[in-house]
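Below is one structure, written out as structure tokens, with a few remarks after it.
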Amino acid sequence: MKFRSILTLIAALLAGSVQAQVRAETGSPADEVLVEMGQAYRQNKQVRLTQLLPQARGHLLEPWAAYWELRARLDTAQPQEVQDFLTRYAGTYQEDRLRNDWLLLLGQRREWTAFSDELPRFRMKDDSQVRCYALLVQHLREGATPAMVEELRRLWYAQRDAEDACTTAARDLFSESRREPARLTPLDVWRKARLAMDANRPRAVAAALEIVAPDALGQLRQVQASPAKYLGSKVVAGTRTPKELVTLALIRLSDTDLEAAVRALDTKWEPMLTPEERDWLWGVIGRRAAQRLSTDALGYFARVKRDEHLTDDMLAWKARAALRTAGGPDWKALRAAVAAMSPKAQRDATWLYWQARALLAGKREEDIAAGRLLMQSIAAPDGFYEQLAMEELGMGIAPPAPPAPLTAAERDAARQNIGLQRALQAFALGLRSEAVREWNYTTNMHTPGGMADRELLAAAQLACEREVWDRCINTSERTKDSFDAAQRYPMPFRDAVVQRTGEIQLDPAYVYGLIRQESRFITNAQSHVGASGLMQVMPATARWTARKLGMSGFKPDQINDRDTNIAIGTGYLKLVLDDFNGSLPLAAAAYNAGPGRPRAWRNGPVIEAAAWAENVPFHETRDYVKKVLANTTLYAAILTGKPQSLKARLGTVGPREVSEAQPNGELP
């Protein structure tokens, strides 16, 4: 079904749609006070918060009101005020949230005694900056250990910007002396500088150089301003700092002119650098080439002498490039890349699956047996590679049997949980950010290890009943030994979705799979780039689609209306799917990243769509395509009551066939 039939359906839907969904009305005057305080906190109106706080006393959300008021002036608050708050609201999320904020402030002030006194009471333990301060204090009091240095190195490398805590701890644990077995070495710090340069974080690069080579900061500014000019002005690099500055310049140059970086490394600088520096640079160049889907990528990676010198990210792109070769996957290169990854990366389902595929492609019986064992270790109905593993083992994809029904006592315990009550009240007042944090803390962190499976199922069911679908899904997904498909894969608005998709010949499972990933069924969801509603439609796309489908009278403020959003979203998705000749993975990529990008990404060899999806250059879109297709497959199993195939939905991806219609150049 093409434009005219879609037009007729959508026009009818729009005519009968209701106005945009509004925020739940506040009930009592105290509710209105809480809403106003939330707004005042976001606007940093400290005086107004103090004025309103007495009116919030006794309200279910009083801990939030008190938190906002004290947090807004925490830098000037007296320690006794903080302790009084922590005592009054003991056991709440807000108590530990303020403790987190206070610990960061104490660390910034270098008040280590007060920091050490408060740290043991910090329950969430999820703030990397607090942890870096804790490692610093431990080092100051007890000295360094190898485990401490390894943890700090991991936290510091993961830090994108030059935050105080990890940078200060790194400076403290750095030593050039080989006599200190537990220390951050010069190579550790130079690697941090390389990672930051690769991520285009100049402040973080400078912070690393302040530790290892402060006299080189002037040259660093030259490197960052014009790497080609810097490299052209140098003749040799004989000692450590010049070598590393050349390495940083080549990393920066590779971002803007990959071919120039290759020429400079190949014809001039390679003999002057250390083996580790050379390998790192070829890893950076190989990764950039792989992200551009260049056929030269594996050749660049082949210049690396020791894969152990590469980061997990570089090795992941080497493995992806090995999947994309014209003659079929280069299983040898893939296995070598996975073998060099860290143990944590090797345990990821992505690389367990492809390692298993590489083993199954071999001829030795022991390799095939090992491949099947790896497939068995990840096979499950929930997840992209988990589903593919099921199919490799000859199983269809279907949800498992539901867990035993919740008892009345289990349901009552969830309803009476004060943290869940506060979260639901915050949702009702439109305080979504606070509600989500309160809910997550209650289910995941309030008690060590979080709620047990049955408690999680009861909390998820409470969220489902209140139609807080994102918490319903995310809470149920945390269960370890239970799988409730009705909670993890709910189908709100089923009658409307099934009817509308049926009339425009669009698979309802595909629509549900997409909505689950886009908005978790939050009707008024807003993304950071401006997409709106259940199907996260951009304003310009909504206007174009409405105009293309003849939806007269459409106004942008209608996009959060449930029926209007579904109508426009499904109409656009159908047009995208038709443009890509029915390819579900290509259409999903186009829905997320725009149609122009997957049109370019499909060029190259014809490969299985799982390998194509793994090679999508954008992390967000790569993750999106895999999740939408896995969601779709399980939704199809639920809707039909029959086992399904993810592989059948994936198919293959390659250049557009000559027989296919030309791309719709107007499609946004």
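The values are calculated or read from the model by the stated rules, or taken from the named source; none is laboratory data. Model, not experiment: these values are computed from the prediction. All Cβ positions, glycine included, derive from the backbone under ideal geometry; neighbour counts span all protein chains shown. When the accessible area is computed, the model is the full protein with side chains, heavy atoms only, and any ligands, DNA or RNA have been set aside. Shrake-Rupley method; radii C 1.70, N 1.55, O 1.52, S 1.80 Å.
Find the residue count for the range 595-636, including only residues that are closer than 22 Å to Met535 by Cβ and either buried (at least 16 other Cβ atoms within 10 Å of the Cβ) or in contact with an Asp or Glu (Cβ under 7 Å, 6 or more places away or on another chain) (or both). Counting residues in the range 595-636 that are closer than 22 Å to Met535 by Cβ and either buried (at least 16 other Cβ atoms within 10 Å of the Cβ) or in contact with an Asp or Glu (Cβ under 7 Å, 6 or more places away or on another chain) (or both) gives 21. Looking across Thr545, Thr523, one residue alone is open to solvent by 10 Å² or more (accessible area, probe 1.4 Å) and of a type in the set (S, T, N, Q). It is Thr523. The residue pairs whose first member lies in the range 227-241 and is within 20 Å of Thr256 (Cα to Cα), whose second member is part of a loop (DSSP other than H, G, I, E, B) and open to solvent by less than 90 Å² (accessible area, probe 1.4 Å), and whose beta carbons are closer than 8 Å, counting only pairs six or more residues apart or on different chains, are Ala228/Asp257. Just one of the numbered conditions (1) in contact with a Cys (Cβ under 6 Å, 6 or more places away or on another chain); (2) open to solvent by less than 10 Å² (accessible area, probe 1.4 Å) is not true of Val130: (1).
Taking the range 552-579, which residues are crowded, with 23+ Cβ neighbours inside 10 Å and outside any helix (DSSP H, G or I)? Hit for the range 552-579 is Ile559, nothing else.
Mind checking which residues of the range 264-279 are open to solvent by 10 Å² or more (accessible area, probe 1.4 Å), in a helix (DSSP H, G or I) and of a type outside the set (D, E, K, R)? Residues satisfying the conditions are Ala264, Thr267, Pro271, Met272, Pro275. Considering only the range 46-67, I want to know if a residue exists there that is open to solvent by less than 20 Å² (accessible area, probe 1.4 Å) and acidic (Asp, Glu). No: zero hits.
Select from the range 639-666 the residues that are hydrophobic (A, V, I, L, M, F, W, C), assigned to a helix (DSSP H, G or I) and crowded, with 18+ Cβ neighbours inside 10 Å and list them in ascending order. Steps first, answer last, please.
First, pick out the residues of the range 639-666 that are hydrophobic (A, V, I, L, M, F, W, C): 639, 646, 648, 650, 653, 658, 661.
Filter again for assigned to a helix (DSSP H, G or I), leaving 639, 646, 648, 650.
Listed by number, the residues that qualify are Leu646, Leu650.
When Asp96, Asp117 are checked against the criterion of being in a helix (DSSP H, G or I), at pLDDT 95 or above, surrounded by 18 or more Cβ atoms within 10 Å (Cβ to Cβ) and out of contact with any helix residue (DSSP H, G or I) (no Cβ under 6 Å at 6 or more places or on another chain), a single residue qualifies: Asp96.
How many of the residues in the range 304-348 are assigned to a loop (DSSP other than H, G, I, E, B), basic (Lys, Arg) and in contact (Cβ under 8 Å) with a residue 12 or more places away in the chain? Before the answer, list the steps.
In the first step, residues of the range 304-348 are kept if they are assigned to a loop (DSSP other than H, G, I, E, B); the result is 304-306, 310-311, 324-330, 341-342, 347-348.
Narrowing further to those that are basic (Lys, Arg): 305-306, 324, 347.
Add one more test, that the residue is in contact (Cβ under 8 Å) with a residue 12 or more places away in the chain, and what stays is 305-306, 324.
Qualifying residue count, the range 304-348: 3.
The helices (runs of 4 or more DSSP H) found entirely in the range 349-456 that carry 1 or more residues being out of contact with any Lys or Arg (no Cβ under 9 Å at 6 or more places or on another chain) and of a type in the set (A, V, I, L, M) are 349-360, 365-378, 384-392, 408-416, 418-428.
Among the candidates Ala237, Ala228, single out the residue that is open to solvent by 20 Å² or more (accessible area, probe 1.4 Å) and more than 18 Å from Thr168 (Cβ to Cβ). So that I can check it myself, show each step before the final result.
Numbers: Ala237 fails: open to solvent by 20 Å² or more (accessible area, probe 1.4 Å).
The conditions single out Ala228.
Close contacts from the range 182-211, counting a first residue that is without any contact (Cβ under 8 Å) to a residue 12 or more places away in the chain and a second that is among the aromatic types (Phe, Trp, Tyr), with Cβ to Cβ under 9 Å and a gap of 6+ residues or different chains, come to Thr185/Phe174. For the range 241-257, which residues satisfy the criterion of being in contact with an Asp or Glu (Cβ under 9 Å, 6 or more places away or on another chain) and surrounded by fewer than 22 Cβ atoms within 10 Å (Cβ to Cβ)? Passing the criteria: Thr241, Lys243, Asp255. Quick check on the range 153-171. Is at least one of its residues on the phi < 0 side of the Ramachandran plot, of a type in the set (Val, Ile, Thr) and assigned to a loop (DSSP other than H, G, I, E, B)? Among the residues of the range 153-171, not one is on the phi < 0 side of the Ramachandran plot, of a type in the set (Val, Ile, Thr) and assigned to a loop (DSSP other than H, G, I, E, B), which makes the answer no.
Scanning the range 507-521 for residues that are outside any helix (DSSP H, G or I) and in contact with a helix residue (DSSP H, G or I) (Cβ under 6 Å, 6 or more places away or on another chain), which turns out nearest to Asp563 (Cα to Cα)? First the steps, then the outcome.
Step one: filter the range 507-521 for residues outside any helix (DSSP H, G or I), giving 507, 519-521.
Applying the additional criterion that residues be in contact with a helix residue (DSSP H, G or I) (Cβ under 6 Å, 6 or more places away or on another chain) yields 520-521.
Values: Arg520: 16, Phe521: 13 Å.
Checked the range 507-521; the qualifying residue nearest to Asp563 (Cα to Cα) is Phe521.
If I filter the range 548-562 for residues that are at positive phi and touching a helix residue (DSSP H, G or I) at 6+ places or on another chain (Cβ under 6 Å), do I get at least one hit? Even if it seems obvious, please write down each step before you answer.
First, the residues of the range 548-562 that are at positive phi: 550, 553.
Narrowing the set further to residues that are touching a helix residue (DSSP H, G or I) at 6+ places or on another chain (Cβ under 6 Å) leaves 550.
Yes, because at least one residue in the range 548-562 is at positive phi and touching a helix residue (DSSP H, G or I) at 6+ places or on another chain (Cβ under 6 Å).
Condition (residue is within 30 Å of Met314 (Cβ to Cβ), of a type in the set (Asp, Glu) and modelled with pLDDT of 95 or more) applied to the range 348-356: is it met by at least one residue? Within the range 348-356 (the criterion being within 30 Å of Met314 (Cβ to Cβ), of a type in the set (Asp, Glu) and modelled with pLDDT of 95 or more), the answer is yes, since at least one residue qualifies.
Suppose the filter is in a helix (DSSP H, G or I) and open to solvent by less than 50 Å² (accessible area, probe 1.4 Å); does Arg471 pass it? It is true that Arg471 is in a helix (DSSP H, G or I) and open to solvent by less than 50 Å² (accessible area, probe 1.4 Å).
Could you list, in sequence order, all residues of the range 175-233 that are part of a helix (DSSP H, G or I) and among the polar types (S, T, N, Q)? Of everything in the range 175-233, those that are part of a helix (DSSP H, G or I) and among the polar types (S, T, N, Q) turn out to be Gln219, Gln222, Gln224, Ser233.
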